[in-house]
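The values are calculated or read from the model by the stated rules, or taken from the named source; none is laboratory data. What you see is a predicted model, and the numbers here were worked out from it, not measured in a lab. Positions of Cβ are generated from backbone atoms using ideal geometry, with glycine treated the same way; all protein chains shown enter the neighbour counts. For the accessible areas, the whole protein counts, side chains as well, though only heavy atoms, and no ligand, DNA or RNA atoms are used. Shrake-Rupley method; radii C 1.70, N 1.55, O 1.52, S 1.80 Å.
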Amino acid sequence: MSVIPEVINERKLWVILSSRKTTAKVNELEIVKPLVEKLNEEWFEKGDFIWAGRFDDGKTSMAIFDATEEKAKNYFENYSKICANSLDVKLYNWDAMPLFTILERIQGKI
């Protein structure tokens, strides 16, 4: 088996759900935003993609990306450190994630 199919087969879709902590201040979020943008730019420069966006509630966001488990956990570790004071964050493997159930729970907390 060639290397390329092996690498492709190891890649999975991942989802990060982020919600604003009740203790988060608006200015903390303004500090976090450029740091997350820089992290995403570094991700893009490596040839990877990430789609991210906010929900209408203004408190919850979701990022979807394709990566090996190792790269996903590495990205999430960096993201978590950046957001530790202002956002609650969770990483899910898309295949293992009941998306609508989780979104419903998040909406119920808001």
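Restriction of the chymotrypsin sites (Phe, Trp or Tyr not before Pro) in region 18-58 to DSSP coil positions whose beta-carbon has at most 14 other beta-carbons within 10 angstrom yields 49.
Among the listed pairs 12/33; 59/81; 21/46; 12/38; 12/59; 21/90, a Cα-Cα separation exceeding 21 Å is found for 12/33; 21/46; 12/38; 12/59. For trypsin sites (Lys or Arg not before Pro), the sites in region 16-82 that DSSP calls loop and that have at most 13 other Cβ atoms within 10 Å are 25, 46. Each residue, residue 29 and residue 81, gets one label point 7 Å from its Cα in the Cβ direction; the gap between the two is 2.5 nm.
The residues of region 35-87 have, on average, 62 Å² of accessible surface per residue, using a 1.4 Å probe with all protein chains present. Between residue 54 and residue 68, the contour length at 0.36 nm per residue exceeds the alpha carbon distance by 2.6 nm.
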